[in-house]
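Colleague: Take this structure, written in structure tokens, and hold onto it; I'll ask about it next.
Bear in mind these aren't lab numbers, they're just calculated from the coordinates by the rules spelled out. Because the structure is a prediction, the values reported are computed rather than measured. Here the Cβ positions follow ideal geometry from the backbone for every residue, glycine too, while neighbour counts run over all protein chains shown.
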Amino acid sequence: MSISRADVAHLGTLARLQLTEAELDHYAEQLDVILHAVARISEVAADDIPPMSHPIAMVNVFRDDVVKPSLTRDEALSGAPSSQDDRFRVPRILDEE
């Protein structure tokens, strides 16, 4: 399958593009390359190969949750510029509606 200048001109008309003669030649060549690449991929695709979202199997890369020593609530809040009700106090950025 190949695409001609006439095909590109027709597509340009449908898209309401005013293409020059040089652009018609340029786009016809580029679109032809794309169509041939898609055709090659279609030849390789087999019905016995299931579709997948990634070429490499995905694995969970997260570590296990392990409880470790950490700051107490009071230690964490001690460095805050402002706190209220055992929480960090920050300026309101959204209006309540």
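Colleague: Name the shape class, rounded, prolate or oblate, that the alpha-carbon gyration tensor gives for the range 45-97, where a ≥ b ≥ c are the square roots of its eigenvalues, rounded holds for a/c under 1.5, and otherwise prolate holds if a/b is larger than b/c and oblate otherwise.
Modeller: oblate
Colleague: Which residue, 39, 49, 11, has the largest displacement toward the positive end of the dipole of the chain when charges sit on each Cβ (Lys, Arg +1; Asp, Glu -1)?
Modeller: So the residue furthest toward the plus end is 49.
Colleague: Give the shape of the chain as rounded, prolate or oblate, defined through the alpha-carbon gyration tensor: a ≥ b ≥ c are the square roots of its eigenvalues, a/c under 1.5 means rounded, and otherwise the shape is prolate if a/b is larger than b/c and oblate if not.
Modeller: Oblate, since a/c reaches 1.5 and b/c is not below a/b.
Colleague: While we're looking at this one, here's another question. Could you tell me the relative contact order of the chain? Use alpha-carbon pairs under 8 Å, at least six residues apart, and round to a whole percent.
Modeller: Rounded, it is 18 percent for the chain.
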